[in-house]
Amino acid sequence: MVRILVFTLFSMFLLVTAQAQSNRVIGQVKEGDGGNAVQGATVLMKSMKNAAAFTTYTDTAGRFRFDDVSSDSFQLVISSVGFETLSRGLKVSNADVNMGVIFLPKSSKELTGVTVIATPPPATQKGDTVQFNASQFKVNPDASAEDLARKIPSLTVENGQVKANGENVQKVTIDGRELFGDDATAALRNLPAEIIDKIQVFDRLSDQAQLTGFDDGNAQKGINIVTKVNMRNGQFGRVFAGYGTENRYSAGGNTTILKENRKISLVGNFNNVNQQNFFSQDLLGVTNNGQNSGRGGRGGGNRGGGGGNSSNFLVGQQNGINKTNAFGINYADNWGKKLEVSGSYFFNNTNNNINQLSNTDY
């Protein structure tokens, strides 16, 4: 008798539970103006008594459906991109519920522009040119282009020579313009890293091949530095000064002023420490590949003339104490689409003081 009673109660419990979970909630979502169905809208049904929640999405006809819903009070929330979020109360009591057609008002807010922030890759390949993004290589605020180059995997500086993939780099240009001489290491050393946007490494054809249009097989590694847009019109350079014992001094510097295609460079050197003329670092930005550079002399008041190369302008060491005053200026610009104009002027004055005592025995 007890077993029959337990079995009866258990069967009634299963029947009631099955009936409680067989309720169904259906409906359809359309645009607020009575137009098309809203496809892919999110329909959320949250219990008012506990944390239970159910989510579904509308189909191509805007219909949604919840099965096996127990008797409870719910909050129905419908949302979709471009529409306002709609919330309604819902009560389920052991019967299916048909919400009918629910009109979802369109959003009256205008979406603002979307800003996509992406990190550029450290390097990209464009034909035979490898381009490195300077922003992806961290250096100190006062770093030079040489410090930046040392951070780039394929570039090295060994014994004063810049190399790309093990090959010597013969020329460094800025935005495709030959602002420096052939000393690539010194060019990178005197250029601030903060103005650099990209560094391009490529095989540079010889001057003869560029002139004739035929590859003579004498290509060399070259580097082109692409500057930041907001720094292409401006100036950069360096200054130095020092004073020591016995009234020894050394001062000088260089600066380059850029404005569109125009370049004006100034360089100066004043000392009595036997530096009788400019170092190659001082001439950076002043000479264009050694063309039209002046020739320095060993006597006082020698002025630069045309022809020769930058090495001819560097005066060799003389015995004694030498006091040197040197100054140089270079101008380069594009006068029209096919005419490039450049010129340089150098002045050098050296005073040589020698006290010599000679004793000879026969």
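Close amide H pairs (under 5 Å, H built 1.01 Å from N) link residue 169 with 162, 163, 164, residues at least 5 positions away or on another chain. Close amide-amide hydrogen proximity is noted between residue 83 and 107, each under 5 Å apart and 5 or more residues distant or on a separate chain (H modeled in the peptide plane; Pro and chain starts excluded). Relative protection proxy for 50-58, 331-339, from highest mean packing down: 50-58, 331-339 (other beta-carbon atoms within 10 angstrom). Close amide H partners of residue 30, meaning residues 5 or more places away or on another chain with modelled amide H under 5 Å apart, are 38, 102, 103, 104.
With K and R counted +1 and D and E -1, the other residues having a Cβ less than 15 Å from that of residue 75 yield a net charge of +3. With a sphere of radius 9 Å drawn around the Cβ of residue 102, what net charge do the other residues whose Cβ falls strictly inside it have (Lys, Arg +1; Asp, Glu -1)? It works out to a net charge of +2. Rounded to the nearest 10 square angstrom, residue 48 shows an accessible area of 120 square angstrom against a 1.4 Å probe.
Counting Lys and Arg as +1 and Asp and Glu as -1 over every other residue whose Cβ lies under 13 Å from the Cβ of residue 272, the net charge comes to +1. The 3J(HN,Hα) values that the Karplus relation (6.51, -1.76, 1.60; θ = phi - 60°) gives for segment 100-107 are, in residue order, x, 8, 10, 8, 9, x, 6, 6 Hz. Gly and Pro appear as x.
The values are calculated or read from the model by the stated rules, or taken from the named source; none is laboratory data. Keep in mind the model is a prediction, meaning the values are calculated, not measured. In this analysis, Cβ positions are derived from the backbone assuming ideal geometry, glycine residues included, and neighbour counts consider all displayed protein chains. Surface accessibility is based on the protein's heavy atoms, side chains included, excluding ligands, DNA and RNA. Shrake-Rupley method; radii C 1.70, N 1.55, O 1.52, S 1.80 Å.
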